[in-house]
1. Enumerate the helices in the chain for which the Kyte-Doolittle hydropathy averages -0.5 or more and the C-alpha atoms extend at least 15 Å along the helix's axis, using complete DSSP H runs.
2. Could you pull out every one of the aspartates and glutamates with an alpha carbon less than 17 Å from that of K66, ignoring same-chain neighbours closer than 8 positions?
3. Work through the residues other than I111 whose Cβ is under 11 Å from its Cβ and net out their charges, Lys, Arg +1 and Asp, Glu -1.
4. Based on Cβ point charges of +1 for Lys and Arg and -1 for Asp and Glu, what charge dipole magnitude is obtained for the chain about its Cα centre, in debye rounded to the nearest 20?
5. Counting only heavy atoms of protein chains, what accessible area per residue, in Å², does the chain have with a probe of 1.4 Å?
6. If I take every Cα pair under 8 Å that is 6 or more residues apart in segment 44-173, average their sequence separation and divide by the length, what percent do I get for the relative contact order?
7. What is the percent carbon and sulfur in the accessible area of the chain, measuring with a 1.4 Å probe over the protein chains and ignoring ligands?
8. Would you look at the GNM of the chain, springs on alpha carbons closer than 10 Å, and say which of E86, E118, E12 moves the most?
Amino acid sequence: VGAPYAEYVKSEDKQFIKDTLAEIRNPFELAIYGSENCWNFGAILRVGHNFMTTGYYSIDIPWYYKKAAMTARPWERERIVNCNIEEFLEKTKGRNIVAFERRSTLETEDIRTFKYPENPILLFGSEKFGVPDALLERADYVVSIPVMGLVYDHNVAVCAGIASYDWLSKHKA
Ligand SMILES: C[S@@+](CC[C@H](N)C(=O)[O-])C[C@H]1O[C@@H](n2cnc3c(N)ncnc32)[C@H](O)[C@@H]1O
């Protein structure tokens, strides 16, 4: 699965490239919360680009490390919605939200058997605080990714990669 990317990047017409990529974008979006994710958000743009997500919600992230997005950035940056928690809740009314989180106090579904709802927004928390309660309460599902080592959780950009790949493998085998 993928774009014949080499052909597209030869084109001088940037709008042509954007329009062509739009045709193969997948119906899921990535939402990332937290001001501690300034470094991770760039890496998540690269993940989202390579799995051809439709777009991004950057929730309370004042800036991000652009180099981590590599050459994905020009094709993704117009698809980022910058917002705070209240704005995110308002903009996503009626949408299916799948939060990714792992905490001993939280009941979650295992990603390996999870079936995604239509056009989901895959939501991730900050490195320090995780997904805040206001967003967890709004989420339609809370999904966890297995951890086998001694570190309790994964890096958030890694989680975005695993979740995007999981969505893809369950929809475009
Ligand atoms: C490093 S974790 C932050 C954890 C935070 N310290 C807490 O206790 O909630 C950053 C984010 O990555 C995602 N994450 C990390 N490990 C995960 C796992 N095993 N399953 C699902 N999501 C995970 C979650 O979205 C989480 O909010």
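The values are calculated or read from the model by the stated rules, or taken from the named source; none is laboratory data. The structure displayed is predicted, hence computed values, not measured ones. With ideal geometry, Cβ positions are generated from the backbone for all residues, glycine too; neighbour counts draw on all protein chains shown. The protein model used for the area step is the full one, side chains on, heavy atoms only, and it has no ligands, DNA or RNA in it. Shrake-Rupley method; radii C 1.70, N 1.55, O 1.52, S 1.80 Å.
1. Helices meeting the criterion: 38-50, 156-171.
2. Within reach: E36, E76, E78.
3. My count for the surroundings of I111 gives +1.
4. Its charge dipole is roughly 460 debye.
5. 55 Å²
6. 28 percent
7. 53 percent
8. E12
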